[in-house]
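Worksheet: one structure, shown below.
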Amino acid sequence: MEFAELIKTPRVDGVVLHRPFMPTVEGTLCLTGHHLILSSRQDNTEELWLLHSNIDSIEKRFVGSLGSIIVKCKDLRVIQLDIPGMEECLNIASSIEALSTLDLVSLMYPFFYRPMFEVIEDGWNSFLPENAFKDLESMTDEWRLSEVNKDFSVCPSYPPLVAVPKDTDDDSLRKIANFRHSGRFPVLSYYHRKNGMVIMRAGQPLTGTNGRRCKEDEKLINATLRLGKRGYIIDTRTINVAQQAKARGGGFESEANYPQWRRIHKSIERYSVLQESLIKLVEACNDQSHSMDRWLSKLEASSWQSHVKEILTTACLAAQCIDREGASVLVHGTEGTDSTLQVTSLAQIILDPACRTIRGFQGLVEREWLQAGHPFQQRCAQSAYSNSKPRQEAPVFLLFLDCVWQILRQFPCSFEFNESFLVLLFEHAYASQFGTFLGNNAAERAKLSLPEKTVSLWSWVNRPQELERLTNPLYESNSLVIWPSVAPQSLLLWEGVFLRWNRSSKCLDEAYDEMVHIIEYNKELQNKVNSLRRQLAQLETEDPLLQSP
């Protein structure tokens, strides 16, 4: 298919662009296969380059012969284009609709994008499982890397290499895969250096109504327990939902078959409930007409903060089992690709200071989201403005980023990265020139040959000039476990995402610049103090009379 077939009017002059908190711009609108571009001859005006894949929905309005298109984006931005001529407006609108809803992944922009920067480090090779395993090997010899899934036949949503207990052979893994939802047998998620406890993740066991069991599964998860110790299974569904799953062939681990494990049910919502919550939240944030009481009640009605609280509470529980109880943990919900990953990755943020560095956090996203099979293509196909009925869309990853932001805000000196890094990941998960978030799992990415045909987001992020922009100036390495508060007064609305386009960031930008200036000045003074101390010490050694009594 040629993109030209979808573009009815490639160019219109005299188009006026309206953006929040920016002056209106008149210029020429051009449509290409992947971008909506508005350029102007006015001085000091930036060109607008908007990826079609970032467009969630559009609305058309007409006054006489003047048409307006309201473009609503997946990054929650809303812009307006005033287009002279009804026919041109209709043509532009239908072209945008066609170009922004292409289903074929291979037609997406990452396959056509050629970087304008020098690729110093190939991000596709930055976080390979075998490299992460070398770190584990330096701490313990109780685990091995299995190639049982090298052709993705055992579990389509797992990577080719997974860490499993050393004594569990590949034949056992195949049997366990038949006993777990979508073949997602228990694999290592995190090893706690301090006490050797682990977090594992999996899909639900397929016990069904007959109470089916799998001896190999029981043996595998028991292999992670220390002598005389119990473990915890954190099921991210309510007991009722887990019971209902039995009737559909799913289920949970019975205490009779897993006597050394205590099962805890925590309720984390999924799919349409989360998507509906995001839509209501964005609607509330965009509504400028309400009184304070009405606005707060709409905010509460969205239940977004409740979801944040549920996820953080469960992650804290997992971290507590590991660090304070000295017990290993297995986490699963139904599939093990959504709420499970929220819990395992946030628990690592709490427990492991390495995950709070820029590179460590990239590794966490790679390991616990991309390689662990979170279906980004499905979940991020629509954002808050889409008019089509949600299918499998849900802001699971955005909720995770919101939870990280909550912890970052409570521990502003413990993270090497700043809020901009989290916002950047949100934007690229929904629409990007990079191939990192394309596909739903490692098998799909291999089939699409993404490492050969597209550029990794990490290649761009890890350039010195970009790292400088994403670094937190307050960062001081903290080797301790950090325990976030989940009290209602401790959890705030993430304004940097949800109010970003609703108010000017001028004051915040000025405050940030002032903070950076103070930090730099403080370093300068500290260096002077150190220099004077050295000079004083030197003088004291040279002249004994100057030595203090």
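Among the residues of the stretch 476-532, how many are open to solvent by less than 70 Å² (accessible area, probe 1.4 Å) and of a type in the set (S, T, Y)?
5
Quick one: is S339 surrounded by fewer than 24 Cβ atoms within 10 Å (Cβ to Cβ), of a type outside the set (A, V, I, L, M, F, W, C), in contact (Cβ under 8 Å) with a residue 24 or more places away in the chain and out of contact with any helix residue (DSSP H, G or I) (no Cβ under 6 Å at 6 or more places or on another chain)?
no
Which of (1) closer than 26 Å to Q275 by Cβ; (2) polar (S, T, N, Q); (3) open to solvent by less than 70 Å² (accessible area, probe 1.4 Å) does N131 not meet, given it meets every other one?
Going through (1) closer than 26 Å to Q275 by Cβ; (2) polar (S, T, N, Q); (3) open to solvent by less than 70 Å² (accessible area, probe 1.4 Å) one by one, N131 breaks only (1).
When you go through E269, E276, E283 one by one, which is the residue that is modelled with pLDDT of 90 or more, buried (at least 18 other Cβ atoms within 10 Å of the Cβ), at negative phi and of a type in the set (D, E, K, R)? Lay out the reasoning, then the answer.
On the way: E276 fails: buried (at least 18 other Cβ atoms within 10 Å of the Cβ); E283 fails: buried (at least 18 other Cβ atoms within 10 Å of the Cβ).
After ruling out the rest, the residue left standing is E269.
Scan the stretch 92-121 residue by residue and report those that are β-branched (V, I, T) and either in contact with a Lys or Arg (Cβ under 9 Å, 6 or more places away or on another chain) or modelled with pLDDT under 95 (or both).
I92, T101, V105, V119, I120 - these are the residues of the stretch 92-121 that are β-branched (V, I, T) and either in contact with a Lys or Arg (Cβ under 9 Å, 6 or more places away or on another chain) or modelled with pLDDT under 95 (or both).
Within the set of pairs 6 or more residues apart or between chains, which connect a residue that is closer than 11 Å to L51 by Cβ and free of Cβ contacts under 8 Å to residues at least 60 places away in the same chain inside the stretch 413-435 to a residue that is open to solvent by less than 10 Å² (accessible area, probe 1.4 Å) and part of a helix (DSSP H, G or I) with Cβ atoms less than 6 Å apart?
H428/L457
P110 is checked against (1) touching a Leu at 6+ places or on another chain (Cβ under 9 Å); (2) open to solvent by 80 Å² or more (accessible area, probe 1.4 Å); (3) not aliphatic (A, V, I, L, M) and fails just one. What number does that condition carry?
(2)
All but one of (1) acidic (D, E); (2) over 29 Å from C285 (Cα atoms); (3) open to solvent by less than 10 Å² (accessible area, probe 1.4 Å) hold for E444; which doesn't?
Every condition holds for E444 apart from (3).
Please go through the stretch 79-88 and pick out each residue that is crowded, with 18+ Cβ neighbours inside 10 Å and either of a type in the set (A, V, I, L, M, F, W, C) or in a strand (DSSP E or B) (or both). First the steps, then the outcome.
If we filter the stretch 79-88 for residues that are crowded, with 18+ Cβ neighbours inside 10 Å, which is where we start, we get 79, 81-83, 88.
Result: I79, L81, D82, I83.
Can you work out which of the residues in the stretch 286-301 that are open to solvent by less than 60 Å² (accessible area, probe 1.4 Å) and not in a helix (DSSP H, G or I) is modelled with the lowest pLDDT?
Looking at the filtered set, the residue picked out is H290.
Considering only the stretch 204-223, state which residues are open to solvent by less than 10 Å² (accessible area, probe 1.4 Å) and closer than 30 Å to S138 by Cβ.
Hits for the stretch 204-223 are D217, L220, I221.
Every residue, every condition in (1) among the aromatic types (F, W, Y); (2) over 30 Å from V162 (Cβ atoms); (3) in contact with a strand residue (DSSP E or B) (Cβ under 8 Å, 6 or more places away or on another chain), yes or no:
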site	(1), (2), (3)
S420	no, yes, no
S449	no, no, no
K453	no, no, no
S456	no, no, no
R463	no, yes, no
N472	no, yes, yes
S490	no, yes, no
E510	no, yes, no
I518	no, yes, no
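In the stretch 89-120, how many are in a helix (DSSP H, G or I) and not small (G, A, S)? Steps first, answer last, please.
Just the residues of the stretch 89-120 that are in a helix (DSSP H, G or I), to begin with: 89-99, 105-107, 109-111.
Of the ones still in play, those that are also not small (G, A, S) are 89-92, 96-97, 99, 105, 107, 109-111.
Within the stretch 89-120, residues that are in a helix (DSSP H, G or I) and not small (G, A, S) number 12.
It is to be established whether one or more residues within the stretch 217-231 are in contact (Cβ under 8 Å) with a residue 24 or more places away in the chain and within 24 Å of the chain's Cα centre (by Cα).
No: the stretch 217-231 contains no residue that is in contact (Cβ under 8 Å) with a residue 24 or more places away in the chain and within 24 Å of the chain's Cα centre (by Cα).
Pull out all pairs, ordered by first then second residue, where Cβ-Cβ is under 6 Å, the residues are six or more apart or on different chains, the first lies in the stretch 25-48 and is closer than 11 Å to V12 by Cβ, and the second is among the hydroxyl-bearing types (S, T, Y).
G27/S39; G27/S40; T28/S39; L31/S95
Against the conditions (1) part of a helix (DSSP H, G or I); (2) in contact with a strand residue (DSSP E or B) (Cβ under 9 Å, 6 or more places away or on another chain); (3) open to solvent by 50 Å² or more (accessible area, probe 1.4 Å), where does E255 fall short? Just the number, please.
(1)
Cβ-Cβ distance below 7 Å, separation of 6 or more or different chains: which pairs start in the stretch 452-474 with a residue that is under 15 Å from E121 (Cβ atoms) and of a type in the set (F, W, Y) and end on one that is in a helix (DSSP H, G or I) and open to solvent by less than 50 Å² (accessible area, probe 1.4 Å)?
Pairs found: W458/G123; W458/Q362; W460/E466.
Can you name the residue in the stretch 49-73 that is outside any strand (DSSP E or B) and open to solvent by less than 20 Å² (accessible area, probe 1.4 Å) and is also farthest from P10 (Cα to Cα) among such residues?
So, considering only residues that are outside any strand (DSSP E or B) and open to solvent by less than 20 Å² (accessible area, probe 1.4 Å), the one farthest from P10 (Cα to Cα) is N54.
The values are calculated or read from the model by the stated rules, or taken from the named source; none is laboratory data. What you see is a predicted model; the values in this text were computed from it and never measured. All Cβ positions, even for glycine, are placed from backbone atoms using ideal geometry, and neighbour counts span all protein chains on display. Keep in mind that these areas ignore ligands, DNA and RNA; they rest on the heavy atoms of the full protein, side chains included. Shrake-Rupley method; radii C 1.70, N 1.55, O 1.52, S 1.80 Å.
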